[in-house]
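What follows is a short report on a single structure.
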Amino acid sequence: MILLQLSSGQGPIECCKAIGLALRAIEKECQLNGVGLTIVDTVPAQQKGCFKSALVQLESPNQACAKQLARAWQGAMLWVCQSQYRPKHKRKNWFFSGQMFELNEAQFNRSVTFQTCRASGAGGQHVNKTNSAVRAIHNETGIAVRVESERSQHANKRLAKVLLFQKLELHKQKQMTLQEQARWQQHWDLERGNPVKTFKGDKFVLAC
């Protein structure tokens, strides 16, 4: 399973707008290359079409194609554009980042316990009579997620895997020592000056 996470970091609303534009660009790339795209999770910002972060899943019969596409969006990226939210603002460089994750489902399943339960909320008889909700628990850390947004147990289980995996990755970052965090921050600062992709203008055109 190939996952791609886009993040605006601590950037302002313009960086969040870049995430929204990047999602559209990735969707077009996926269509051209026959890669399926599922938006797993987003953290919206205060403006429409803007996101603090987004997690997407890429799937293809040729998994190497999905992996190659995700890798092309990995690293620090730059959008050069006058702010539409602050027209008089002098700054025109807005950074965001991408990180690819490859989830080995067979290995991951061995470290996770899945529990099924009845979903709550609206949904009629289907919700009341079936155990469609899924709770995924990481055995070693006890970290857990519960998913009931989909109608089928299979779909909820698949989504729970992805969200738990993301949560575990965030947990790893929080467990870093101060020295490791400082080293990671230094690496990020350096990367900001060397973007892997640069986009220009309101139409988010990739600069050659």
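The values are calculated or read from the model by the stated rules, or taken from the named source; none is laboratory data. On a predicted model such as this, the values are computed, not experimentally measured, just so you know. As a convention, Cβ positions derive from the backbone with ideal geometry for all residues, glycine included, and neighbour counts pool all protein chains shown.
Considering only region 76-97, I want to know if a residue exists there that is among the aliphatic types (A, V, I, L, M), assigned to a strand (DSSP E or B), buried (at least 19 other Cβ atoms within 10 Å of the Cβ) and without any contact (Cβ under 8 Å) to a residue 60 or more places away in the chain. No, there is no match, as no residue in region 76-97 is among the aliphatic types (A, V, I, L, M), assigned to a strand (DSSP E or B), buried (at least 19 other Cβ atoms within 10 Å of the Cβ) and without any contact (Cβ under 8 Å) to a residue 60 or more places away in the chain.
Ile26 falls short on exactly one of the conditions (1) within 29 Å of Arg146 (Cβ to Cβ); (2) at pLDDT below 95; (3) out of contact with any strand residue (DSSP E or B) (no Cβ under 6 Å at 6 or more places or on another chain), and that condition is (2). Of all residues in region 124-173, those satisfying the criterion of being of a type in the set (Lys, Arg), at pLDDT 85 or above and within 16 Å of Phe101 (Cβ to Cβ) are Arg158, Lys161, Lys167. Are any residues in region 133-154 loosely packed, with under 15 Cβ neighbours inside 10 Å, touching a residue at least 12 places away in the same chain (Cβ under 8 Å) and either in contact with a Pro (Cβ under 7 Å, 6 or more places away or on another chain) or of a type in the set (S, T, N, Q) (or both), and if so, which ones? Listed by number, the residues that qualify are Asn139, Thr141, Ser152. Of Gly36, Gly75, all but one fail to be in contact with an Asp or Glu (Cβ under 7 Å, 6 or more places away or on another chain), modelled with pLDDT of 90 or more and not polar (S, T, N, Q); the exception is Gly36. The set of residues in region 1-18 being of a type in the set (Asp, Glu) and touching a Cys at 6+ places or on another chain (Cβ under 7 Å) is empty.
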